[in-house]
1. Could you report the accessible area of GLU283 in Å², rounded to 10, computed with a 1.4 Å probe on the protein chains as they sit in the structure?
2. Just flag the GluC sites (Glu not before Pro) in region 70-105 sitting in loop per DSSP whose Cβ has no more than 10 other Cβ atoms within 10 Å.
Amino acid sequence: MSELITTPAAPGPDSAGEPGPWLALHVFYAASPRPMLVDCVRPLVARLSEEGLLAGYFFINYWLEGPHVRLRLRPSSPAAAEEVRRRAEQALSGFLRTRPALYEVDSGFLKDFYNSLFDIEFPGEDRTRFMGEDGRMRLRPNNSFREEPYAPEYAKYGGPAGVELAEWHFRHSSDLVVDAFRTMNLHLRTVLLGTSAQLMMVMASCFLPEEERLGDYLDGYYRFWHRAFPDTGFIGSEEYERGYAELAPPLGRRFAAVRAAVAARELKRLPSFLRGWAEHCLELRSRVEELTARGELCFPVWEGPAREDTGQERTEPADAPPLVPLTDVSAVLPRLLSPYMHMTNNRLHVTIRDEAYLSFVLGRVLREGVPGTGPDAGARDVPGAGAGGPGRGAGA
């Protein structure tokens, strides 16, 4: 197998210099985003970075108004913004012309699925700007793109300092996923879920090394997704139970080995694919702790996630809920772990249903002490992940 080799991440939020404003492009592409990310976005970002025009980038997948990739590019300076925009538009136009997505979403299962999401996430008045004349979610033309305002999610990530940290992390996560698409057989469901499970293991173990806290967190993460989609069938329970027995032993052994390597800071036990991710996640945790100690991470007084489209601007309306500093790192770490972990799965194109399933299985193997997960298991190196790596579902 080919080991995943990530490209260098952008400088951290403590770097000098004043970059330009973020450019946000929504690329509507009703097909796997893999070819666009590997053959268009990756070379575009590489060229702009080599020429000193780019200070950062990341992408997410989204469904509103049709499946699309939200590509965010940050020019290295305000003067570079127009050239970055021109290059990006040129690259995207060329890709969509030569590799158009052939599937249309205006009928069939996916249209109903996206409308179900629309009804759940936009139940109020704010839905009207996304609705067509038929009262359902409007669909943007396939194989098209448009520029949109970039609205950082200050409420979700901890205010301006938290958003800046998230943007730094998102570049690393985006690089990791693009290189995974390039070097691994992620079009195979077993490999995709195995990769996702191992990345979740590593990040969760870095943020919450205590076994009981980690178990509580994973159980709660599964329950959150179950509550978020009630009565839809998106998130299972009985079928999760049925698949558990087969997955539990190999997944439990892998999880124990990952946790032991992270706890001992012996990351050389991990394959390079996971080792680089663990190094990044430990640095990310350290930065979260530093910002928390300085009182720079601010959250709304309510609990709960924010949608991608409800980010609070720096200049907030008078009636916006206030953001207040949260200085208890034990509360901040799980609060940020959830969106960090979810957005990596989002980039991998792992469904929410599968993400909930993996959190269910990981929490349960941790709780039940599956045979083969005792102290001796942690002494072994963690096997690599790749074309023949993870087995059925979430790892072998």
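1. 80 Å²
2. none
The values are calculated or read from the model by the stated rules, or taken from the named source; none is laboratory data. From a predicted model like this one, the values you see are computed outputs, not experimental measurements. Because the Cβ atoms are built from the backbone with ideal geometry, glycine has one as well, and the counts that use them run over all protein chains shown. Accessible surface is based on the protein model in full, side chains and every heavy atom, while ligands, DNA and RNA are left aside. Shrake-Rupley method; radii C 1.70, N 1.55, O 1.52, S 1.80 Å.
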